[in-house]
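A.B. asks: Would you mind keeping the following structure in view while I ask a few things?
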Amino acid sequence: MNDMQPMDLRRLPLDGLNLIEASAGTGKTFSIAGLYLRLVLGVGREPLPVESILVVTFTRAAVAELRGRIRLRLADARQLFQRADSDDPFERFLLEQVPQATALLLLDRALTSLDNAAIFTIHGFCQRLLREYALDLGAPLECTFVEDESALIQQAVTDVWRQQVYTDTDKLSAALLRSFDTPDGLFAQLRPLLRSPRPQLEPAISLGDYRKRERQRLALLEELRLAWQTHGGVVRRHLEQACQDKVFNGRKLQWRWLQPALNQLDAWADGEADTPVARTGNGQIQSVRLYPEELRAAANPDRLADVPGHELLALLPDIVAAEEQAPALERCVLLGFTREHVLERLQQLKAGAGQRGMDDLLSDVARALNADAGEQLAQQVSGRFPVALVDEFQDTDPLQYRIFRRLYYQRAGTALFMIGDPKQAIYRFRGADIHAYLGAARDCEADKRFTLDTNWRSTTPMVEAVNRVFAQHDDPFLIDGIGFYAARAAGRADEKPLRIVAPEQRAALTLVLADPEQTGLEDNKADAQLWQAGWIAAEIRRLLSLAAQGKAMQGDRPLAAGDIAVLVRGHNEARLVRDALAAEAIGCVYRGRQSVFTTVLAADLEQVLAALVEPENETLVRSALGTALFAIAPLALHKLFNDARGWQRTLEQFRELAALWRRQGVLPALYRLFEEKKVLVRLRTGEDGERRLTDLLHLCELLQQAAGTQGGPRELLHWYARQRQEPMEDDARQLRLESEDNLVQVVTIHTSKGLQYPVTFVAGMWNAPSRASHDIGYYDDSTQQQYCALDAARLLPEARVEALRAAARREQLGEDMRLLYVALTRSIQRCYVMLAPVGKGRADSALHHLLALGADETDTDHYRVRLDALAHGDQVTWTDEPPAAAGDVPVPPAQRTDQVRRFTGHISDHWRLTSYTGLTRDLEHPHAEHFEPAELPVFSLPAAQFTSIHAFPRGAAAGICLHSIFERVEYQLPFRLSDDMVRAQLSRHGFDPAWTNVLRQMVEQTLQAPLASGQPRLGDADLWCPEMEFMLPLTNLNAAALDAAVNILPATQPRPTLHFDDVAGMLRGFIDLVFSVGGRYFLVDFKSNWLGVSVADYHAEALDAAMAEHRYDVQAMLYAVALHRHLQRTVPDYDPAHHFGGVGYLFVRGISREGHGIWFHTPAPTLLQHLDALLGGDA
C-alpha cells in the first residue's frame, strides 16, 4: 500500500471508506476538526447536524480533547465568516463555498447542540446502541455496564476450580492441583488467554483425545514396569558386564554413568519413585544413556555385536518422550478446558447480576449486526449516523472494525473516515491489533488512501533526522502495508530554536554509543543500564548548567528542566534514571503506566489496613508499625513492644481507629492515624517525598471509592489485596504526577504517545525484551487469527517451534520498531538516543534493526561504521564520549510555606442515612464479618446430601438465595411454587439445582406453619408485599434510650449493649414480607441462620438467644415502627391493638407445624407509640 496520496482537506471526498494515515506531529486532531467543520457546513454533501456525525476514539480523555478541539474550531469558523477574510487556503475555500448567512446559521446550530454531539469511545458508542436499539439487538432493557471485570473473572475461576476440584465432576482434580496448585495459580495462567482478542490455542487437544493419550501412556508405562520387574536384573548384569569387557568407549560411556538411570528404574518398578525417568539436579535426562541407539553410538566400532540389547530398552525413547510431554500436555488441555468453563461461568455471573462487560458491548453489537435482521439494523444506525470519523484507528481490533465495516462498507450515502498511524500502533497489550488496520486499508479503494505529510511539531533538522534514519532502511517496520513516508517540516518550530553555546556540538538527533571496553560494561545489561542513566543525568546537568549561564536558550528564554523528558521502556529504567538525577541534585517527575498498587508503599498500607481490620491481633499491629510508612527505628519498636502500658495504649489506639472505620469509613480512620503518627509530614520531607506522598493519597482515594461497593472493612481489605495482585486494567490505578513543578519528566514511551517535549532522551531501545515464556504468541496470516502455542518446545515439532519463534521475534521486533518511532518523534528540537551494544538481545533490538545491521554484526566496530554512514550535518551525529563536566545547577525556588488559619471549631456529623446494620455495626466482633465457612463450595455435593435443609450450604450466598425464593412466592394456599423458579434461583446464586425438592418442601412447611398459637399462617394471606422498603426520619436517636425501650426478650436473656453515636437523619430498611389476614397486618423477616442439625435445635430458647446475639429484637421493633407509621397513614380508623397483628422471625431451616423455628411477638400499642416518639414521630 505505497499508493497513498497527500490529503488536501478541500478536496477530500465525503463518501465511502477513507483511510487517513497521520504520521507523528502532522496535525491529526486539527484535520479531524477541519473535516468535522466541512460536514457541518455541508461542503461536499448536505449539511449534517452534530447529532448525526459520529466521532469515535479510544479513551475518555481523547473524547474530551476532541470535543474541546471541535468546539474551538467551530467557534473560530464563526468568527471567520463574521469577518469574511482569511489568508489560510482552507478557510478561503470555505468562504467561497458557503454563503455567510447560511454558514452562521449552521455554525450557531452546531455550537448550541454540541453537548449532544455523537462523540464517544468505541465502548460508549456500543453502549448507546444497546440502550437505544435494545429490542433490535436482543439486549436486556436494563443492565449495568462493568468496566473492570477482574473480580468477576476471579470469581468465575474460583467457581470452576471448586466444581472441578471439590466435586471432581470431570475427574480433573488431581491434574488441576498438579498443574496449578491453587485457584490463583490457574487464574495467573488463564489471564493472558482471556484477553481480547482471545487467542486460539495450539495444539488444540480435546479432553477426550487427551484421555486417550493418557491411557496409551499409562499402558506403555505398565508394559515397561512388568518388563523391568521380569528382566531388569538381567539387563543390569549385561550392561555391567559389557562395561567391564570394554565394549564401550570409556570416554563416551562408563558403568557409573548408567547406574542413576538403572537405579531410577528399580525404584520406580518397586513403587518407590513416581517416574522411570532419571534426571540430574539441573534437569538433564540421564535415562537417554540407556537408549539402544545411544548404547551403540558409545560402543567401540569393533564391538558393536557385543552391545547388550533388550526389547524393554527399546521402550524407553517413547516412554521418556511421553513422560516429558505429559505435564505440558496436561497443562495445555486444562487451560483449554477451564478457559471454556470460566467464560461460560463468567457469562452466568454477569447474567445473574444483570451486568455486561466492555467486550460484551462489542460482541453484542457485532452479533446483532450479523444476525438475520442485521441489515435492517445497520441501515437504521448508518441512517442516523451517515458519516463516522474513527480516531486512533491503528488501536482498533478486528471485532471493532467488523462493526464499522458492517455499518459503512459499500453503503450508499455514507462515509467512514479511519484516521490513524500504523507506525504508532504500540498498544497490543490492550488488545489493539495492527492487522485490523491493515485489513481496513485493503478495503479502501486506491484513491481513498491519504496521508498527512507536513510535520507541525518539530524543527526542520529534527524532521529531516527522523526521515534520514528511517528512509535508509528498506523495511523498517517489518510488516507489509506499513511503510515510511518522509514528512515535510512546516518550519513553525524553527521560530524558537534551541541554541546551545558549548564546545560539544550535538545534532538534532544524537546517538550515544557505549563502548564496552572503554566503559567497562563487558556484556552486562545491568551495568549498561546504570551507564545509560548516569550519562543521561550528566548531560541534563550540563544542559541546565549552560542554561543558568545563558548559553542554552529555548527561543528567548533559558532551557528549563521542564523542557526535558527522558523516555524509558519500563519502570526499572525509570527508577535508575530517577536515582541518577537525584545524585546530580536534579528534580524529576515520573509519568508512567505503572499501577500505584505495585509500589512498596502500597504493600505497607496493606499491612496497616490488616491491623485496622483485626486490631486485637497483636502480630498484625506489630507488622504495621514495622513498615516504612511509620519509619520507627528498630530499637524504638523493641522498646514499644516491651512497654506493657505503652503497648496497651497502642492497641487501644488501633481499636479506636477500627471503630472509627466502621462508623465513618476508611478515609477518616486512615487520616487520623496519619495525623497522630505524623506520617504525611514525614513523607513530604523525606527522600522522594513528593512521589511517596502522592502515591499514599492516591491509594487512600481509591480505597474510599471502593468502600461503597465492598461491604465491611474485611471485604475492602480483600479488594485491596486483589488489586495488588492484578495487572492494571484502567487509568484510575496509574501513578499520578507528584508535582506540577518545573522538573525533568521521566516518561514511559507508551505514556508519551501524543505528547511532545523540546529535548528528549530515548533509553532502553538497544536491547530486546526478555522472552522467557514457554508459550509463544503469534499471528497467522492465513487465518487472520491470534494464536498461542502452549509449551511449544515440548508439544510441537522442532521445525515448527523454530518457525513460530522466528515469527514471534519478528512480530515483537515490529512492535519495538513502532515504539522506537513513537519515541523519536516526541522531540521538538533535540533527541538523544542511547545505544549500548551489550546483552544477548542486542541483535533483536529495534536500534540494531534500524541501523540495518545483520544478526552477526553486534560488535562495537559494526555500530561505529553504521553510525559514521548515518551522520549528516545538523541532523544526525553520534558520540561515545561522556558529557563534559558541568557547573552548578540552579536550585528551584522553595515552595511557599504561608501559614493558614487553623479551624478549631466542631462540625457535627451525626446527620446521616443509617439502617439497622449501621446501628448495630459496633456489636460485630472482628471475626463476625467472616461468613460461616462450612459448606461454602457452591457446586454439587454427594446425592445423599440433598435430602435435608440442614445440609444446605451456609453463608451469605445461601441466605441471599433463600430470600430470593421467598420474594417470588405466592402466599396463598393451595401451595403453588414453580420448580423452574427454584432451580433458576439456585443456578443464579451458584448452587446445585438438585436442592430444588428440599427447598420446595422448606417453603411449603413455612407457608403452612402458624406464626403462633391462634395466629394465621403465611398461606392464609389476603394481600402481601415482599421487600417493602421504608425510609423513616430520625430526630436525635440515642443508643441507650433505644436499648432500654426494646425490651421484648425475656429479662434473663443476655443482650449485647448497643453502641452508636447519636444520629439524626433517615433510617432506611427493607421488610422481607408484610401481609394481611382479615384486616390485621403482620411483618415477617426470613432468617437463614444455622442453629443445629435438626428441627429440635430451633426451640424457643435457642431462638431467643439468636435474636439477642444479633440484636434482631432491635431490628424487629424498628421494622414494627415503620409498619406502624405506614398503617397510621393508610388504614382508616387505624388502631394498633386491632390492626397490628405482630412480628414474626422465621428461621427457615428449622420450621415445623409444632412451632419450631418461629419467633413471634405482638408489641403492645404503648410500646409502638413510645418507640415512634423515640425515633422522632408524632406519638
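The values are calculated or read from the model by the stated rules, or taken from the named source; none is laboratory data. These figures come from a predicted structure and were not determined experimentally. Don't worry about glycine lacking a Cβ; one is built from the backbone with ideal geometry, like all the others, and counts go over all protein chains shown.
A.B. asks: Residues that are in contact with a Pro (Cβ under 6 Å, 6 or more places away or on another chain), in a loop (DSSP other than H, G, I, E, B) and surrounded by 13 or more Cβ atoms within 10 Å (Cβ to Cβ): does region 840-848 have at least one?
C.D. replies: No: zero hits.
A.B. asks: Name every residue in region 833-883 that is of a type in the set (Lys, Arg) and at pLDDT 90 or above, in order of residue number.
C.D. replies: Within region 833-883, ARG864, ARG866 meet the criteria.
A.B. asks: Which is hydrophobic (A, V, I, L, M, F, W, C), part of a strand (DSSP E or B) and closer than 30 Å to LEU543 by Cβ, of VAL759, VAL822?
C.D. replies: Matching residue, one of VAL759, VAL822: VAL759.
Rundown of residues vs (1) of a type in the set (A, V, I, L, M); (2) at positive phi; (3) touching a Lys or Arg at 6+ places or on another chain (Cβ under 7 Å); (4) without any contact (Cβ under 8 Å) to a residue 40 or more places away in the chain, yes/no style:
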position: LEU796; (1), (2), (3), (4): yes, no, no, no
position: GLU802; (1), (2), (3), (4): no, no, no, yes
position: ALA807; (1), (2), (3), (4): yes, no, no, yes
position: ARG810; (1), (2), (3), (4): no, no, no, no
position: GLU815; (1), (2), (3), (4): no, no, yes, no
position: LEU819; (1), (2), (3), (4): yes, no, no, no
position: HIS848; (1), (2), (3), (4): no, no, yes, no
position: TYR863; (1), (2), (3), (4): no, no, no, no
position: ASP874; (1), (2), (3), (4): no, no, no, no
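A.B. asks: Follow-up question, since we're still on this one. Taking PRO6 as meeting all but one of (1) farther than 24 Å from PHE125 by Cβ; (2) modelled with pLDDT of 95 or more, write down the number of the exception.
C.D. replies: (2)
A.B. asks: Using the structure shown, decide if ASP245 is over 45 Å from the mean Cα position of the chain (by Cα) and over 24 Å from LEU316 (Cα atoms).
C.D. replies: So ASP245 passes the test.
A.B. asks: So if I check each of LEU218, LEU207, LEU226, which one is assigned by TED's automatic domain parsing to the domain that holds ALA261 and in contact (Cβ under 8 Å) with a residue 12 or more places away in the chain?
C.D. replies: Result of the check over LEU218, LEU207, LEU226: LEU207.
Conditions (1) farther than 26 Å from ASP1061 by Cα; (2) surrounded by fewer than 18 Cβ atoms within 10 Å (Cβ to Cβ); (3) assigned by TED's automatic domain parsing to the domain that holds LEU919; (4) hydrophobic (A, V, I, L, M, F, W, C), marked per residue:
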{"residue": "LEU609", "(1), (2), (3), (4)": "no, no, no, yes"}
{"residue": "LEU612", "(1), (2), (3), (4)": "no, no, no, yes"}
{"residue": "ASN617", "(1), (2), (3), (4)": "no, yes, no, no"}
{"residue": "ALA624", "(1), (2), (3), (4)": "yes, no, no, yes"}
{"residue": "ALA628", "(1), (2), (3), (4)": "yes, yes, no, yes"}
{"residue": "LEU637", "(1), (2), (3), (4)": "yes, yes, no, yes"}
{"residue": "GLY646", "(1), (2), (3), (4)": "yes, yes, no, no"}
{"residue": "GLU652", "(1), (2), (3), (4)": "no, yes, no, no"}
{"residue": "PHE674", "(1), (2), (3), (4)": "no, no, no, yes"}
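A.B. asks: Of all residues being without any contact (Cβ under 8 Å) to a residue 24 or more places away in the chain and within 27 Å of GLU495 (Cβ to Cβ) in region 554-605, which is surrounded by the fewest Cβ atoms within 10 Å (Cβ to Cβ)? Just the residue, please.
C.D. replies: Of everything passing the filter in region 554-605, ARG557 is surrounded by the fewest Cβ atoms within 10 Å (Cβ to Cβ).
A.B. asks: Please count how many residues of region 556-583 are within 14 Å of TRP535 (Cβ to Cβ) and touching a Cys at 6+ places or on another chain (Cβ under 6 Å).
C.D. replies: Adding up the residues that qualify gives 1.
A.B. asks: Which of the residues that make up region 140-184 are among the polar types (S, T, N, Q) and out of contact with any strand residue (DSSP E or B) (no Cβ under 7 Å at 6 or more places or on another chain)?
C.D. replies: The answer is SER150, GLN154, GLN155, THR158, GLN163, GLN164, THR167, THR169, SER173, SER179, THR182.
A.B. asks: Go through the residues of region 1100-1115 one by one and say whether even a single one is in contact with a Cys (Cβ under 7 Å, 6 or more places away or on another chain) and not acidic (Asp, Glu).
C.D. replies: No, region 1100-1115 contains no residue that is in contact with a Cys (Cβ under 7 Å, 6 or more places away or on another chain) and not acidic (Asp, Glu).
A.B. asks: Separate question: Given the criterion surrounded by fewer than 18 Cβ atoms within 10 Å (Cβ to Cβ) and in contact with a helix residue (DSSP H, G or I) (Cβ under 8 Å, 6 or more places away or on another chain), identify the matching residue among TYR1098, TYR1145, TYR1112, TYR1134.
C.D. replies: TYR1134
A.B. asks: Just checking, does region 978-990 include any residue being farther than 27 Å from LEU1168 by Cα, part of a loop (DSSP other than H, G, I, E, B) and hydroxyl-bearing (Ser, Thr, Tyr)?
C.D. replies: Within region 978-990, one or more residues are farther than 27 Å from LEU1168 by Cα, part of a loop (DSSP other than H, G, I, E, B) and hydroxyl-bearing (Ser, Thr, Tyr).
A.B. asks: Being among the basic types (Lys, Arg) and surrounded by 18 or more Cβ atoms within 10 Å (Cβ to Cβ), is that true of even one residue in region 492-509?
C.D. replies: yes
A.B. asks: Additional query: For region 978-994, give me each residue that is touching a residue at least 24 places away in the same chain (Cβ under 8 Å) and hydrophobic (A, V, I, L, M, F, W, C).
C.D. replies: Of everything in region 978-994, those that are touching a residue at least 24 places away in the same chain (Cβ under 8 Å) and hydrophobic (A, V, I, L, M, F, W, C) turn out to be LEU986, PHE991, ALA994.
A.B. asks: Hey, among the residues in region 293-345 that are in contact with a Phe, Trp or Tyr (Cβ under 9 Å, 6 or more places away or on another chain) and outside any helix (DSSP H, G or I), which one's farthest from ARG217 (Cα to Cα)?
C.D. replies: Among residues in region 293-345 that are in contact with a Phe, Trp or Tyr (Cβ under 9 Å, 6 or more places away or on another chain) and outside any helix (DSSP H, G or I), the one farthest from ARG217 (Cα to Cα) is ASN300.
A.B. asks: Then there's this: Filter region 946-984 down to the residues that are of a type outside the set (Gly, Ala, Ser), modelled with pLDDT of 80 or more and more than 23 Å from TYR1098 (Cβ to Cβ), then identify the one that is farthest from the chain's Cα centre (by Cα).
C.D. replies: That would be GLU970.
A.B. asks: From VAL838, VAL822, VAL801, grab the single residue that is over 33 Å from the mean Cα position of the chain (by Cα) and β-branched (Val, Ile, Thr).
C.D. replies: None of the others qualify; the one that does is VAL838.
A.B. asks: Quick check on region 512-524. Is at least one of its residues under 20 Å from ALA574 (Cβ atoms) and acidic (Asp, Glu)?
C.D. replies: Checked region 512-524: no residue is under 20 Å from ALA574 (Cβ atoms) and acidic (Asp, Glu).
A.B. asks: Any idea which residue in region 887-920 is modelled with the highest pLDDT, counting only those that are among the hydroxyl-bearing types (Ser, Thr, Tyr) and in a loop (DSSP other than H, G, I, E, B)?
C.D. replies: SER915
A.B. asks: Go over the candidates PHE120, PHE90 one by one and state the one that is part of a strand (DSSP E or B) and not β-branched (Val, Ile, Thr).
C.D. replies: Only one candidate passes the filter, namely PHE120.
A.B. asks: If HIS1124 satisfies all but one of (1) surrounded by fewer than 20 Cβ atoms within 10 Å (Cβ to Cβ); (2) in a helix (DSSP H, G or I), what's the number of the condition it fails?
C.D. replies: (1)
A.B. asks: Condition test on ALA1044, is it surrounded by 15 or more Cβ atoms within 10 Å (Cβ to Cβ) and either among the hydroxyl-bearing types (Ser, Thr, Tyr) or over 42 Å from the mean Cα position of the chain (by Cα) (or both)?
C.D. replies: In short, no.
A.B. asks: What are the residue pairs meeting all of these: first residue in region 617-633, first residue farther than 17 Å from GLY686 by Cα, second residue among the charged types (D, E, K, R), Cβ atoms under 8 Å, and 6 or more apart or on different chains?
C.D. replies: Listed pairs, sorted by first residue: LEU620/GLU614.
A.B. asks: Take ALA602 and decide whether it is assigned to a helix (DSSP H, G or I) and within 27 Å of ALA465 (Cα to Cα).
C.D. replies: Answer is no for this residue.
A.B. asks: I'm trying to understand the selection: among the residues of region 44-71, which are outside any loop (DSSP other than H, G, I, E, B), hydroxyl-bearing (Ser, Thr, Tyr) and closer than 18 Å to THR751 by Cα?
C.D. replies: THR57, the sole residue that qualifies.
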